[in-house]
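Undergrad: Here it is, the structure in full.
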Amino acid sequence: MRTTLDIDDNLLKQAKQLAAREHTSLTRLIEEGLAARLRVADRPPTGPSRVRLPVFAGQGGLQPNIKDARSHQAILDALDDEDGLQ
């Protein structure tokens, strides 16, 4: 089947050079590239679909000098206390 394609000039130049080096036609080169791309698209995804995050199951908790864990300022104040800045 005949069709018309708009291909970037630099890409077309490189494709023509490759086709000449491999003693094949530009049409055959484009067909091979398209077939390879379609094979990749038809493959099922590999690897786990979800990332498993580590969960800390140890003991402990908040440092005793953190007054309110929901407050950024309380956490910053606790850090300053540990560094001896206050």
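The values are calculated or read from the model by the stated rules, or taken from the named source; none is laboratory data. Treat the numbers as computed from the prediction; the structure is a model and nothing was measured. Using ideal geometry, Cβ is built from the backbone for each residue, glycine included, and neighbour counts are taken over all protein chains shown. Surface accessibility is based on the protein's heavy atoms, side chains included, excluding ligands, DNA and RNA. Shrake-Rupley method; radii C 1.70, N 1.55, O 1.52, S 1.80 Å.
Undergrad: Can you pull out every residue in region 26-68 that is open to solvent by less than 90 Å² (accessible area, probe 1.4 Å), touching a helix residue (DSSP H, G or I) at 6+ places or on another chain (Cβ under 6 Å) and in a loop (DSSP other than H, G, I, E, B)?
TA: Asn65, Ile66, Asp68
Undergrad: Here's something else I'd like to know. Within region 7-25, track down each residue that is open to solvent by less than 100 Å² (accessible area, probe 1.4 Å), touching a helix residue (DSSP H, G or I) at 6+ places or on another chain (Cβ under 7 Å) and part of a helix (DSSP H, G or I).
TA: Ala15, Leu18, Ala19
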